[in-house]
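Written below as structure tokens is the structure these notes are about.
The values are calculated or read from the model by the stated rules, or taken from the named source; none is laboratory data. Keep in mind the model is a prediction, meaning the values are calculated, not measured. In this analysis, Cβ positions are derived from the backbone assuming ideal geometry, glycine residues included, and neighbour counts consider all displayed protein chains. Accessible surface areas use protein heavy atoms only, side chains included; no ligands, DNA or RNA. Shrake-Rupley method; radii C 1.70, N 1.55, O 1.52, S 1.80 Å.
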Amino acid sequence: MYWNREAETMPMERVRKLQDTLLRDTVAQAAGSHFYGERFAALGLTPADIRSVDDLSKIPFTTKDDLREDWPYGFVAVPREELVRMHSSSGTTGRATVIFHTADDLDAWTDLLARSMYMAGMRKGDVFQNMMTYSLFTGGLGFHYGAERVGALVIPVGAGNSKRQIQLMSDFGTTAMHIIPSYALHLSSVFEEMGLDPRRDTALKLAFLGAEPHSEETRRRVEDYYGVKAFNSYGLSEMNGPGVSFECSCQCGMHIWEDNFIVEVIDPKTMEPLDEGEEGELVLTTLKRRGMPILRYRTKDLTRIIPGDCPCGRTHRRIERIKGRTDDMMIIKGVNIFPIQIEKRLMDIPGVGSNFQIILERKDYNDHMIVKVEVQREIFTGNLKQLEDLRRKIIEELKSDILITPKVELVEPNSLPKTEGKAVRVIDNRERQQ
Amino acid sequence: MISYQMSIFAENKPGRLAKITSILGREKINIRAITISTSDVFGVVNMIVDRPQEAFKAIEKEGMTVKLKEVIAVIIDDKPGGLDSLVQLLLREKVNVENAYGFVLESWKNAVFVIDVDQIERTQSILEKAGFRVLDAEALASAEPFHYMNY
């Protein structure tokens, strides 16, 4: 049940010792880059000052802005000829950041993906359909090479073209798929349109959900509809991409691979470290990347470390499902709200379809939230009262969680913009309406 | 004797009704009666058409959310008090009407009144026992509204 028993079940004391060693190597390596060379010099810091993980706090955080400012090669710590791959973040907020890998870096990353997928139950002989974009985005190629290393037959179809996806699944007996959760929900309507039922007409048993935060309720919907076990995963291009953290068969939190990353959770406002179990911003340090080491990277992702051991026997600690990005947080009438809170409530209400959208407006100096919700086709009885009851139920459910009363609009199935990439859930019109 | 009402879920915005009527026009389906009930941003379009099954398929194929619902189509006299005699009967029998609308067949002679009730079978037998004529889908399809007959 382990891809690498020794690495995955290593006692925590040994993991800590290993981290000390790897951290010293990483800091020495990073000092050779333009960015960290200058930063260390400005602080009067030398690699010798960092002896163990306890010394980590001497090093300032690295932010996305740092990566942008020393663009593109400022963080590279090996001769340019050693680099064999470039990846880039989606760059939806400002200039995209680029990450470079050496051949060894790719090997280590691939191994983490293989370890993760094996942990979730994928084996040699499985047929793996990779429905993520193959491009600068790390999700496509990362899983691709990991799945090949496990020994699965990989169908590198990429994103989009829903009918072809379904055709491939049934023609080649796909058993595992890698898919964005909002797209998995959307794809169900295409199955219906084609008169197919994934439980009956495909051999699917595993789904790897990734690339966007999603709720437990969404996972259960995917599992119910496709008849699979669906696994959550976490990663970001700055830390290679997918494979940073992954669920085991217990589905009770994502093991974060501490032999490859140092994990910290901080208060995003004060930047002080938080105790285990407290929710805050995840901060990560690479331990095995030579081409482009990154120290104490502020991910902007909010989560917490789940205290206690996992029944699966792996020692690496678990983080909770990502609650959102500090960037995603909406402040409405002074209340902090994350889109995933809305999703969680909506996906639990029978009759709610697969897609929704949040629109923020400002009128007369007042914030308003409009939630557009697709209705499930099957529940429509032709009765307006039934729709009004559904709307009232949605408003009540949301109000009890987010404490403000949103305006809810029911819309026709498949009428909201479909996404084959990360879903755009929030449209904030408030700035324009100031 | 059951008739079918086609109900379509539609957002309340320009173009939705036009989409429905263009599909029905293209499929040469005749609309006998139409009502729209809205709740600000969304609503339900209810229709009586001559070929409900075909209309349903055509609308569904275009990706709209549509349902065929059983309703009762009953003939009443087109004269003052015509509707009242029917409604008084329903009241006496404690039948609750969810939705209702009508159209004239022959001016000053008779009209069709469509009612959507919860106890559809019981209501039918009450109506038939009281001497009302209830139309099935086929009869409803061949019933010609007055303007076709007179012009």
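Overview of values
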read-out: Accessible surface ranking that places the most exposed of A:MET194, A:MET86, A:MET131 first, with a 1.4 angstrom probe; value: A:MET86, A:MET194, A:MET131
read-out: Protein-protein interface of the stretch B:39-77, residues with accessible area decrease of at least 50 Å², isolated chain reference, 1.4 Å probe; value: B:VAL41, B:PHE42, B:VAL44, B:THR65, B:LYS67
read-out: Gaussian network model of chain B, springs between alpha carbon atoms under 10 Å - residue of B:ALA111, B:ALA18, B:ALA73 with greatest fluctuation; value: B:ALA18
read-out: Projected label distance in nm at A:ARG123 and B:LEU68, using a 7 Å step from Cα toward the beta-carbon; value: 4.9
read-out: Low-density loop cleavage sites - trypsin sites (Lys or Arg not before Pro) in the stretch B:28-73, where at most 12 other Cβ are within 10 Å (DSSP); value: B:LYS28
read-out: Alpha carbon centroid spacing (whole Å) that separates the stretch A:205-235 from the stretch A:1-71; value: 32
read-out: Solvent-accessible area per residue, Å², over the protein assembly as shown with all protein chains present [probe radius 1.4 Å]; value: 44
read-out: FRET efficiency, 1/(1 + (r/R0)^6) with R0 51 Å, evaluated for A:ASN4 and B:THR21 via beta carbons; value: 0.20
read-out: Rg and Dmax of the stretch A:330-428, Cα atoms only, in Å; value: 13.4, 40
read-out: Interface burial for A against B (accessible surface, 1.4 Å probe, total of both chains, Å², rounded to 100); value: 1700
read-out: Set of aspartates and glutamates near A:LYS407 by C-alpha distance (under 18 Å), chain-local residues within fewer than 8 positions excluded; value: A:GLU343, A:GLU361, A:ASP364, A:ASP367, A:GLU374, A:GLU388, A:ASP389, A:GLU396, A:GLU397, A:ASP428, B:GLU11, B:ASP40
read-out: Most mobile listed residue (A:LEU302, A:LEU384, A:LEU360) in chain A, GNM with C-alpha springs under 10 Å; value: A:LEU384
read-out: Probe 1.4 Å - accessible area at A:TYR134, Å² to nearest ten; value: 70
read-out: Cα-projected label distance for B:SER39 with A:ILE349, points at 7 Å along beta-carbon direction, nm; value: 1.0
read-out: Buried on assembly, the stretch B:1-21 (at least 50 Å² less accessible surface than by itself, 1.4 Å probe); value: B:PHE9, B:GLU11
read-out: Globularity ratio of chain B, using Cα Rg and 2.2 N^0.38 Å; value: 1.07
read-out: Most mobile of A:PHE338, A:PHE231, A:PHE40 in a GNM of chain A (Cα contacts under 10 Å); value: A:PHE40
read-out: Stretchable slack from B:ILE120 to B:VAL87, in nm (0.36 nm times residue separation minus alpha-carbon distance); value: 10.4 nm
read-out: Mean separation of Cα contacts under 8 Å, 6 or more apart, over the residue count of chain A: relative contact order %; value: 14
read-out: Accessible area in the full protein assembly, largest first, 1.4 Å probe, for B:GLU11, A:GLU431; value: A:GLU431, B:GLU11
read-out: Area of B:ASP40 that stays accessible when all protein chains are in place (1.4 Å probe, Å², to 10); value: 90
read-out: Kirkwood Rh and Cα Rg combined as Rg over Rh, evaluated for the protein assembly as shown; value: 1.11
read-out: Accessible area of A:SER182 in the full protein assembly, 1.4 Å probe (Å², nearest 10); value: 10
read-out: Assigned charges on the beta-carbon of Lys, Arg, Asp, Glu; the stretch A:1-157 dipole about Cα centre (debye); value: 340
read-out: Calculated FRET value between A:ASP25 and A:ARG392, using beta carbons and R₀ = 56 Å, to 0.05; value: 0.40
